[in-house]
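Remarks on the structure that follows.
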Amino acid sequence: MDALHLLEKQKDKKPFEVSLREAIQMIWVKLSQLEQAPACIPPCGHQPAARIFQCSTCRLVDCQFPVDCPVQDLWVHEDEAITLHCDVPFAVPPELQVTWMFAKDIRTQDLALFEELQRGVGEPPSLTVQDPTLGTVACRLGAASETLARKYFYLNVSGGSVEAEQGLQARFRAVLRWPQGRAPLHLTTSLQLGLVLGFVSLVLLLLLLLSVWRCCRKSPEPPRPQ
């Protein structure tokens, strides 16, 4: 626009060819003042700060990535508190709106199935959930019409502790991998130890009963009445 204004201003003052060269020089000066676009960082999010000027179309092109991040699986205990963070690997405005949503009992990225939990502005973009429920928690950075990124967390909720649940699953997977007719070494050792302890306990019980029986035989008989 500045170049066009310059051409119109100098229309009757300079030859058109001279004014055109000056206008072109003005355009190149403006282009040289554009800052270099930062690198695009996947995996998700629309990054308006990373813009590249395309000379072929004479416009700024945004660095595009899918707005929706992949769903993250989280294993939690039903009685614990968990904190979810809506952070992304690129810079966002400090006063950006953050919206948290929840879809109960399902793993999904369909926004029509979510209910809004809370909405806020500014840092830190996090949510603490007390007594979590099975389902998908989602956070949205930015307004619905200008979303920078959406993150999804699927809460796998169990009644026991997470460590115990994972340990039980690991043992179950180990059972499925047993060769036919054989058992894992640690379980075989435990079984042998249990049999030995049971046999020792049985022997001790028999010895105790034998001692009581001998004592009863050696006890003096009561005097008979005259």
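Bear in mind these aren't lab numbers, they're just calculated from the coordinates by the rules spelled out. Just so you know, these numbers come straight off a predicted model, no measurement behind them. Using ideal geometry, Cβ is built from the backbone for each residue, glycine included, and neighbour counts are taken over all protein chains shown.
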**Report entry** Rounded to whole Hz, the Karplus (6.51, -1.76, 1.60) HN-Hα couplings of the range 88-102, x for glycine and proline
**Finding:** 10, x, 8, 6, 10, x, x, 9, 6, 6, 10, 10, 10, 9, 8
Report task. Using label points projected 7 Å from each Cα along Cα→Cβ, tell me how many nm separate D131 and F53, to one decimal. Result -> 5.9 nm
Query raised in the report: Separation of the range 102-129 and the range 1-65 by C-alpha centroid, Å?
Result: 40 Å
Report summary line: Most exposed to least, judged by fewest other Cβ atoms within 10 Å, S211, S158, S32 sort to S32, S211, S158
Query raised in the report: What are the lysines whose alpha-carbon lies under 19 Å from the alpha-carbon of K151, with same-chain residues fewer than 8 places away excluded?
Result: K104
Report summary line: Expressed as a whole-number percentage, the relative contact order of the range 68-162 with C-alpha contacts under 8 angstrom and at least six residues apart is 44 percent
Report task. Report the equivalent ellipsoid semi-axes for the range 2-63 in whole Å, largest first, defined as the square roots of five times the eigenvalues of the gyration tensor built from alpha carbon atoms. Result -> 35, 9, 8
Query raised in the report: For the range 1-138, what's the relative contact order in percent, using C-alpha pairs closer than 8 Å and at least 6 residues apart?
Result: 19 percent
Requested in this report: Run the numbers on the range 2-63 and let me know its relative contact order in percent, using alpha-carbon pairs under 8 Å that are six or more apart.
Outcome: 21 percent
Requested in this report: Just subtract the alpha-carbon distance of R119 and I41 from 0.36 nm times their residue separation and send over the number in nm, one decimal.
Outcome: 25.5 nm
Query - Ranking of L141, L207 by count of other Cβ atoms within 10 Å, fewest first - result: L207, L141
Query raised in the report: Pulled fully out, how much extra length does the chain show between L74 and Q10, if you take 0.36 nm times their separation in residues and subtract their Cα-Cα distance?
Result: 16.3 nm
Report summary line: Here the range 36-53 yields Karplus 3J(HN,Hα) values (6.51, -1.76, 1.60; θ = phi - 60°; whole Hz; Gly and Pro given as x) of 5, 6, x, 5, 6, 10, x, x, 8, x, 8, 10, x, 6, 8, 10, 10, 7
Report task. Find, among the GluC sites (Glu not before Pro) in the range 1-83, those assigned to loop by DSSP (not H, G, I, E, B) with at most 15 other beta-carbon atoms within 10 angstrom. Result -> E35, E78, E80
Report summary line: Looks like the range 68-162, by Cα gyration tensor root eigenvalues a ≥ b ≥ c and the a/c under 1.5 rounded cutoff (else prolate when a/b is bigger than b/c, oblate otherwise), is prolate
